[in-house]
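Sharing a structure here in structure tokens format.
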Amino acid sequence: MKALFAVLALILLHSVARADDRPKKDRAWAEKSAKHRRDVPTAGRRPAKLVNLYNTWTHEWIALEPTAKVPTEVTNRFLRDHYTSASIAMEPKLLGFVLAAATHFRSDTAMIVSGFRHPKFNLILRKKGHQVARDSHHTKGDAVDFYIPKVTTQALHAWAKDQKAGGLGLYLDSGFIHMDTGPIRFWSGE
Ligand SMILES: [Zn+2]
């Protein structure tokens, strides 16, 4: 019986000693990681809904969080000129317009019709008789043409008008709008 007590006491002492004997470094690390554990997002919280963007020329998709800051390389590459594959420093607000429109109309998809246009490609379009300005904002990287599936072009245009973001073109027959960050002005094409 005595011996049993002795063993129990030893085990008890041993575990107390273990708890206290942890090196300072280990204790600090344990405290730190416990703090980090509290920073982990609460399980069950819904992640932000992504918006899928499709570039109709390059046939590429990207999925973006509507409120997240899009890295410039992603924007520049996604909106590159499909004809020359050249990219340019795009106006960072452009994808913001598209994402805001998709969010407004509760759509998880938006279609990009045109982003950056290399001057060469712009010239080709002009020669083919397309309605393209010589000094188009697309060649400067600060314009985007887009539409939202299942949303009428008129409704999208009305939303864009409220944004007072810059140039706004309405292309009813083709079914898209043009937005750029140049001076506020309005026009319509086919
Ligand atoms: Zn345009």
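Values in this text are rule-based calculations from the coordinates and carry no lab data. Keep in mind it's a predicted model, so treat the numbers as computed, not measured. So basically every Cβ, Gly included, is an ideal-geometry build from the backbone, and we count neighbours across all protein chains shown.
When DSSP beta bridges are limited to those with both residues in the range 51-189, what percentage is antiparallel, rounded to the nearest 5?
Roughly 65 percent of the beta bridges in the range 51-189 run antiparallel, per DSSP.
In units of 2.2 N^0.38 Å, what is the alpha-carbon radius of gyration of the range 51-189?
Rg over 2.2 N^0.38 Å, computed on Cα atoms: 0.96.
Chymotrypsin sites (Phe, Trp or Tyr not before Pro) within the range 96-190: which are DSSP loop residues with at most 11 other Cβ atoms inside 10 Å?
Answer by residue number: there is no such site.
Which loop-located trypsin sites (Lys or Arg not before Pro) does the range 131-190 contain, where loop means any DSSP state but H, G, I, E or B and the Cβ has at most 11 other Cβ atoms within 10 Å?
When the trypsin sites (Lys or Arg not before Pro) of the range 131-190 are filtered for loop state and at most 11 Cβ neighbours within 10 Å, Arg134, Lys150, Lys164 remain.
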